[in-house]
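Reading through the structure tokens given below for one structure.
What follows is calculated from the coordinates using simple rules that are stated; it is not laboratory data. Please read all numbers here as calculations on a predicted model, not as lab measurements. Cβ sites come from the backbone with ideal geometry, for glycine too, and all protein chains shown count toward neighbours.
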Amino acid sequence: MNPLALMQLQDVQAQGDPREVAIDEVGICDLRVPVRVVGREGAVQATVATTTVTVDLSAQLRGTHMSRFLEALGEELSVVSPSTLRTFVASVRDRLGSSRARLEMKFPYFLDRVAPVSGLTALVDFDGTVVADTSSGLTIGVRVPITSLCPCSREISDYGAHNQRGHIEIETVCTTGSELWFEDLIDIAEAAASAPIYSLLKRVDERHVTMQAYENPAFVEDIVRDVVVALRRDTRPQEWLVRVTNQGEHS
């Protein structure tokens, strides 16, 4: 079809709608796309993000243009960082002629972890989340695997103590230009745990981590409070949400 004929095709989505019902969010969801994420120190890593992009739709319009969401993702989000996320949702809002746009991405985020004694290095993956909204700002979240050792078990036992695998989830909203990034949240989470998780451990490392956990017993309630205290001490976050889950325990 020649370009002139395309220009003459009717845009049904742009037609008016008599029902007077505005829609809060319309767009694409759970789309997997390759992305490059900028780390705290500027290093860039490639990963795959499950992505949702939406805008609001006024009561006067029948529909939105779904193809423009994919065009925007391909053209305007080459790397993921606080500044590019804010720029992206503002552009989508303007491109779709809406008053609000929202982007959510969930992806594995990898960091090198050095074993505490042997010094051997291996990657550990964390679950990262970003939510950029032209109305409410930028939310950064992470899910961090941890070890916790039960203080009650240690107190009542002659030797040894019960420990669990769990995870800490932190979401933060910060002022523009001062965001806590994934590494910042991971540092806070691991400092509150009985011990961090490593992918690669030799015997000397296992001994170290076992004793580290024994010396730092913590209920899930302790971990939640320690994370909140650390966030309070930091001047950057305005709001936060903290969840800690162990097998059989939740706070």
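At each listed q (0.09, 0.13, 0.16 Å⁻¹), what is the log10 of I(q)/I(0) that the Debye formula gives for the chain modelled as equal alpha-carbon point scatterers?
Each listed q maps to, in turn, -0.52, -0.88, -1.15.
Can you give me the angle between helix 203-215 and the longest principal axis of the chain, using Cα atoms only, in degrees from 0 to 90, rounded to the nearest 10?
The angle comes out at about 90 degrees.
With each pseudo-label sitting 7 Å past Cα toward Cβ, what's the residue 176-residue 40 distance in nm, one decimal?
Computed distance between label sites residue 176 and residue 40 equals 2.5 nm.
Cut-off 20 Å, label point 7 angstrom out along Cα-to-Cβ of residue 212: give me the residues of the range 121-150 whose amide nitrogen falls inside.
Once the point is set 7 Å along Cα→Cβ of residue 212, 121-127, 143-150 turn out to lie under 20 Å by backbone N, inside the range 121-150.
Round to a whole angstrom and tell me the spacing of the C-alpha centers of the range 161-184 and the range 95-120.
So the two Cα centres are separated by 12 Å.
Treat each spin label as a single point 7 Å out from the Cα along the C-beta direction, and report the residue 29 to residue 94 distance in nm.
2.9
Over the chain, calculate the relative contact order: mean separation of alpha carbon pairs under 8 Å at least 6 apart, over the residue count, as a percent.
Result for the chain is 16 percent.
What distance in nm separates the simple spin-label points at residue 76 and residue 58, each placed 7 Å from Cα in the Cβ direction?
1.8
Going by average Cβ density within 10 Å per residue, which order do the peptides 21-33, 52-64 take, highest to lowest? It would help to have the intermediate numbers written out before the result.
Working: 21-33: 13.2, 52-64: 18.5.
With the highest mean Cβ count within 10 Å placed first, the list reads 52-64, 21-33.
Below 8 Å, C-alpha to C-alpha, sequence gap of six or more: please give me the relative contact order for the range 105-154 in percent.
Values: 61 pairs, mean separation 14.3, N = 50.
After rounding, I find 29 percent.
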